[in-house]
1. Could you state the orientation-averaged shadow area of the convex hull built on the Cα atoms of the range 1-147, in nm² to one decimal?
2. Tell me the Rg and the Dmax, in Å, that the Cα atoms of the range 108-204 produce.
3. Rounded to the nearest 20 debye, what is the charge dipole size of the range 83-150 about its Cα centre when +1 sits on each Lys and Arg Cβ and -1 on each Asp and Glu Cβ?
4. Any idea what the relative contact order of the range 174-331 is, in percent, if you count C-alpha pairs under 8 Å spaced at least 6 apart?
5. For E87 and S137, what does the FRET efficiency come to when R0 = 22 Å and r is the distance between their Cβ atoms, rounded to the nearest 0.05?
6. Please report, as a whole percent, how much of the solvent-accessible surface of the range 102-189 comes from carbon and sulfur atoms (probe radius 1.4 Å).
7. Quote the charge dipole size of the range 1-41 about the Cα centre in Debye, to the nearest 20; the model charges only the Cβ of Lys and Arg (+1) and of Asp and Glu (-1).
8. Taking the highest mean first, how do the peptides 88-96, 320-328, 37-45 order by number of other beta carbon atoms within 10 angstrom per residue?
Amino acid sequence: MKNLLTDIAGVRVGHADDAAVASGVTAILFDHPAVASIDVRGGGPGTREEAALALQNTVDAIDGITLSGGSALGLDAAGGVQAFLAEQGRGFRIRDAVIPIVPGAICFDLLNGGNKAWGRFPPYRDLGYAAATAAGSEFRLGSVGAGMGATTANVKGGLGSASAVTDDGVNVAALAVVNAVGSVMVGDGPWFWAAPFEIGGEYGGRGLPPSFDPDMLKARLKGGQDANSAENTTLAVVVTDAVLTKPQTRRLAMIAQTGMARAIYPVHAPLDGDVVFAAATGEKPIDPLFGLTELGMLAANVLARAIARGVHSATALPFLGALPSWKERFG
């Protein structure tokens, strides 16, 4: 186990980013179509192919997922991932036509100091293709891919991942891009809200504070009173090797959303665009009631851990006034 999304067999992850632009793309590819759905809780989401994942609609399996910076301009990234998959002959077949199914979601990182004067077309389609080309079983965490330009209320955001196994041997893993309007830390830190779920000191081993005071429970919001719904979101992908139907993957995504509430304070606000994709590769049968409940419980735990790992692994952007990283502040 690598404690990564790629602990699920048949899942590959790749990043592509541009340090000068301070933005990037992360591609999640499935070796075989995966049953998938989505749960959206934030008030300002930006998604692609969300309607295809609705339970009443025809397509129930996808070929990949794209996460990107760039706000709405970053939705082009999925086109690059589609191009890569089309070259491999992957996609939904209608007679001789083959259409790769690649949902996506974006976060806002256009005001982080990077050079966004890219000319007529933004770079995200090309970054999407590069991220898909780079996809493999190993990938970096922190300020990479879609997490390159991410921030939180008080420290640099980033991309994290974590995994776990149920008592019956079913695997579940999460990947998160943390660009939240709120904070992942209790008060001004160094403690993570997700501390109770930490395994093996994976995000510093600081635990929770010995006691809580009222100041720790005050909202710490990126931008303060000037916060804007377009500027913030946490994007997450939860994948399992269980056999699930499309409605069951929706339920998994819904339960996994509680992991955001365990790791970010506040969360699911009008100022956020929080999205969880859930996908199942269909290798291991589970009980549809208790088994799915246990799987959802672990999915929420690994999502909370992935969020904290993303911030713990991040590095500050090299621009004047950039937010410090957690490690810069607390070692």
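1. Projected area, direction-averaged: 9.6 nm².
2. Considering the range 108-204 through its Cα atoms, Rg and Dmax are 16.4, 53 Å.
3. 160 debye
4. 32 percent
5. Computed FRET efficiency for E87 and S137 comes out at 0.60.
6. Ligands and nucleic acids excluded, carbon and sulfur give 48 percent.
7. For this selection, approximately 100 debye.
8. 37-45, 320-328, 88-96
The values are calculated or read from the model by the stated rules, or taken from the named source; none is laboratory data. All values reported here derive from a predicted model rather than from experimental measurement. A quick note on method: Cβ atoms are made from the backbone with ideal geometry, for glycine too, and the neighbour counts reach across all protein chains shown. These accessible areas exclude ligands, DNA and RNA; they are computed on the full protein's heavy atoms, side chains included. Shrake-Rupley method; radii C 1.70, N 1.55, O 1.52, S 1.80 Å.
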